[in-house]
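Since the structure comes first, as structure tokens, the remarks are kept for the end.
Derivation of every value follows stated rules applied to the coordinates shown; laboratory data play no part. Computed from a predicted structure; not experimentally measured. Using ideal geometry, Cβ is built from the backbone for each residue, glycine included, and neighbour counts are taken over all protein chains shown.
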Amino acid sequence: MSKDRENLFSEFPPISTQQWENEIVKDLKGADYAKKLYWNTENDFVVNPYYRAENVEKLNYLSDNEVSKSPFVRTQRDKDNNWLIVQTVYETQPAKANAILQNALKNGANSLCINVSEIRSIEDLSILLKNVNIENTPLRFFAAKNYVHFAKIFIDYIRQNQIDTSKIKGAFSFDPLAYFLLHNSFYRTYESDFEEILQLLEIMSQCPDFACITINAGLLHNCGANIKQELGYGLAIAEQYLNYVTDKGIDIEQIANKIHFEFAISSDYFLEIAKLRAVRLLWANIVKAYQYQDINNLKMHIFARSSRWDKTIFDPYVNMLRTTTEGMSAAIGGADSIDLEPFNAIYQIPDEFSMRIARNTQIILQEESAFGKVIDPAGGSYYIENLTNSIAEQSWNAFLEIQQQGGMLEAAQKGFIQQNIEKTCRKRDMELATRKKILLGTNQYPNINEEMLTKISIHNTLKNNGLQLYRGAAAFEELRLKTEQKAAKTGKRPTVFLLKTGNVAMRQARAGFITNFFGCAGYQITEGAFEATEDAVNAACEAKADIVVICSADDEYIIHTPLIINLLKEKLPIAFCLIAGYPVEHIDALTTAGVFDFIHIKCNLLETLKKYNQLLKIE
């Protein structure tokens, strides 16, 4: 540090942790420190309200954690942080798919993820890859009906076109254990599916940088798994393959770099950065147990794809914001390749506009925002270093738990994996249902007048026998789409009338709360503020309200509500009369007066909306 800087900082004397703590306790004014400031994550570790240099002194992995050095926590790169911008092509007809992938390459993508379910011959593959320089374009192939058959076609194509095999990069999305977790059965049999690993290694041996296996850990995330499960179980799948192959006499040098990992990146910004750093540490530790020779075998090849779990059909443009932060997390975390799915991919076949936005998001991050220029920009952050350590510890515990079950194969066959992920998924569902977690536009701040029913062209009705692919918004969307279906038949959406009376500040606040609440089911919201009770009820009648919600202050409800209910019984007997809030002292009296329900912040939003959909016969 220069003398000028030393002089500058000398004006600010060091402050001890205890001094900080004393100030925090003073500001809390008696409030519970732990409840107010500590964050208990769903991954079984606690996040402190702040971190200091002393918090990283005891982190073991930092002792030899240099940039581009084993165990590669910080990065595997030594020049820059550029990653591959991946475009996924879902089209299965070869000629149409070729037009899409050529357009993607012309407009910023430099890697392709391609559906090859309809590729049966070298002729099909030639049409698909026409004018694509595969020496310069890493390729990922998924959905093959038979990966061994496809690998043979691919090698024949390479030979026929005299392509340099040493320049071929990419991977097959072959993962028989992930298939088992989804279907509770192997594609053929355990013996046959695992034998394909050996066959793929043999066929692709002449392409040293092309992986035969992709560990689809992101699939676990999209079925509801938390971070420690995604990493721990994903590593257990990889370890099962390592054991199988090495038991067959193939050493670690021939298999380690033939395994790629796919992870889903959610909107938990800092956690996702730390996740990718932590998993590289754990993978290096696993490979070390196999007596490796080449230090490069400790490197993990990470394909990061934006999460589907947090994507929504309603307010779909918010998905662009979600994928932007997810791309940032993946880039800072050091992913080798990134695919940001188009914002409409969950309900439509992506069009040119949505694919262009997805590509351009990455281009802006890499080129204009300079995310590709700095190696490990998160390194040295006390917060992220501690998150990295905590995630590594908890994920390793999840990995060891699988080993105690006899390994991934036995754990999967027992249903242990499926049960744990389903339990986590239910917990996450409850957090959305009670709005402990917010999914913008779905369980909070909905765009009430938005209609999506006619825009949906992808219907995921297929149910697996094992894990279910799932999105957090799905249950809310089902309710809202039923509301649209009802409106299409009757010409009218269910109407909630906000009857505002009394204290101006309270009635406005509660009217806003109710608008958000019933708006999540797509109900029509109308409102009015009235001094005269009869005028209020007449307005509700004119609106043909199905639900009337009185919005006022707690101590005013007992004054206005009995008269309002009596008039409603006379003029609008079909309407349900509700109270916004939970005036504890008057609950019994208001219920006796005829209040049907109380809508307040502690209500389970999803269950309450389901109840009113049933009451209003929206099915």
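Considering the values (1) 1.12; (2) 1.26; (3) 1.17, which represents Cα Rg over 2.2 N^0.38 Å as calculated for the structure under consideration?
Only one listed value fits the structure, namely (1).
Taking the Cα centre of each part, how many Å lie between segment 255-311 and segment 478-547?
Their Cα centres are 49 Å away from one another.
Going by amide H atoms built from the backbone, whose H comes under 5 Å of the H on residue 113, apart from near neighbours?
Excluding prolines and chain starts, which carry no amide H, the hits are 87, 88, 89, 140.
Rank the residues 320, 300 as a footprinting-exposure proxy: fewest other Cβ atoms within 10 Å of their Cβ go first.
Neighbour counts put them in this order, fewest first: 320, 300.
Report the rotationally averaged projected area of segment 438-500 based on its alpha-carbon convex hull, in square nanometres.
So the Cα hull casts an average projection of 6.3 nm².
So if R0 is 60 Å, what FRET efficiency would residue 248 and residue 445 give, r being the distance between their Cβ atoms, rounded to the nearest 0.05?
Efficiency computed from Cβ-Cβ geometry: 0.60.
Compute the long axis of helix 504-519 from its Cα atoms, compare it with the longest principal axis of the Cα atoms of the chain, and write down the angle in degrees, 0 to 90, nearest 10.
For 504-519 against the chain, the angle is about 50 degrees.
Among the trypsin sites (Lys or Arg not before Pro) within segment 387-489, which fall in a DSSP loop and have no more than 14 other Cβ atoms within 10 Å of their own Cβ?
Passing both the DSSP loop test and the Cβ count: 436, 463.
Taking the alpha-carbon distance from residue 427 and a cut-off under 19 Å, which lysines remain once sequence neighbours fewer than 8 residues away in the same chain are dropped?
Within the straight-line cut-off, residue 427 pairs with 228, 311, 436, 437, 602, 610.
Which FRET efficiency value, to the nearest 0.05, is calculated for residue 38 and residue 534 with the Förster distance at 45 angstrom and r the Cβ-Cβ distance? Intermediate results must be reported in sequence, preceding the final value.
Values: r = 53 Å, r/R0 = 1.17.
After rounding to 0.05, the efficiency reads 0.30.
Using only DSSP helix segments of four residues or longer, with each worth -39500 (n - 2.57), what per-residue ellipticity at 222 nm results for the chain after dividing by its residue count and rounding to 500? Please list the in-between numbers first.
Working: 23 runs with 286 residues, N = 619.
After summing the helix terms and dividing by residue count, I get -14500 deg cm²/dmol.
At most 12 other Cβ atoms within 10 Å and a DSSP loop assignment: could you name the trypsin sites (Lys or Arg not before Pro) in segment 525-609 that fit?
Passing both the DSSP loop test and the Cβ count: 602.
Can you give me the angle between helix 318-333 and the longest principal axis of the chain, using Cα atoms only, in degrees from 0 to 90, rounded to the nearest 10?
40 degrees
For segment 52-97, state which GluC sites (Glu not before Pro) are in a DSSP loop and have at most 16 other beta carbons lying within 10 Å of their beta carbon. List each step's numbers first, then the result.
Numbers: sites: 54, 57, 66, 91; in loops: 57, 66, 91.
When the GluC sites (Glu not before Pro) of segment 52-97 are filtered for loop state and at most 16 Cβ neighbours within 10 Å, 57, 66 remain.
Helix 227-247: angle to the longest alpha-carbon principal axis of the chain, degrees 0 to 90, nearest 10?
Around 20 degrees separate the two axes.
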